[in-house]
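Working notes, structure below.
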Amino acid sequence: GTVMLGSDSSYSGTTTISNGTLIFNGSLANTLAVLVESSAKLGGNGTIGGTVFTANGSTISPGSSGPGTLTCTNGLTLGSGTRLDIEIGDSWDMLAVTGGTVMGTGAGGVTVRVRGSGGQSDSYVIMDWTGATPAGVEITDFLLAPEITGAFSLELIGAQLILHAKPGTVLILR
């Protein structure tokens, strides 16, 4: 099932998403960590103060009922086999990491999936870790889902992962 939390929380323990989806649209500033286990999904437009850890088979999906930004203020450790779901349109989803450490996964560890109808842009910053310390984050950590490989490409510039629509691409992705 899906649980939606729409307000700020003073909870200070570890949050574990073991199954289903947590959509978070507030501030979870005092949490120690958020663990996203296999088959679980974390999404929303919220701000998370603890380090986020993703397991093999987990999904991070910024935004809620449309494009938005999910912000991690104290780091992100991406597990191999993580999926990053991004919605694109005239605006688009972004995963922001503004502090702590961003840990890479190794070759092909994170699959980027895209949904939406595209927009006015040919390039979309889908992940930004300006302000965080990268640890082993390489472009080879990220792999496009097979259904979009011919239509998009990925580029790593500084602390940003950028999704580029290839010229002439017209897609309606769901």
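The values are calculated or read from the model by the stated rules, or taken from the named source; none is laboratory data. Every value quoted in this text rests on a predicted model; they were computed, and no experiment measured them. Note that we place each Cβ from the backbone using ideal geometry, even for glycine, and neighbour counts take in every protein chain shown. The protein model used for the area step is the full one, side chains on, heavy atoms only, and it has no ligands, DNA or RNA in it. Shrake-Rupley method; radii C 1.70, N 1.55, O 1.52, S 1.80 Å.
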Considering Gly81, Gly75, Gly104, Gly68, which residue is within 20 Å of Thr2 (Cα to Cα) and within 14 Å of the chain's Cα centre (by Cα)? Gly68
Mind telling me which of the residues Ala96, Ala159 ends up being touching a Pro at 6+ places or on another chain (Cβ under 9 Å), over 28 Å from Ser18 (Cβ atoms) and of a type in the set (A, V, I, L, M)? Ala159
Index of the failed condition, Ser9 passing every other in (1) open to solvent by 60 Å² or more (accessible area, probe 1.4 Å); (2) assigned to a loop (DSSP other than H, G, I, E, B): (1)
I'm trying to understand the selection: among the residues of the range 11-59, which are at pLDDT below 90 and out of contact with any Leu (no Cβ under 9 Å at 6 or more places or on another chain)? Ala29, Asn30, Thr31
When the range 39-60 is checked residue by residue, the ones that are within 14 Å of Gly20 (Cα to Cα), open to solvent by 30 Å² or more (accessible area, probe 1.4 Å) and among the polar types (S, T, N, Q) are Ser39
Within the range 65-76, restricting to residues that are hydroxyl-bearing (Ser, Thr, Tyr) and either assigned to a loop (DSSP other than H, G, I, E, B) or at pLDDT below 90 (or both), the one that is least open to solvent (accessible area, probe 1.4 Å) is Thr73
What are the residues in the range 140-162 that are in contact with an Asp or Glu (Cβ under 7 Å, 6 or more places away or on another chain) and β-branched (Val, Ile, Thr), if any? Ile162
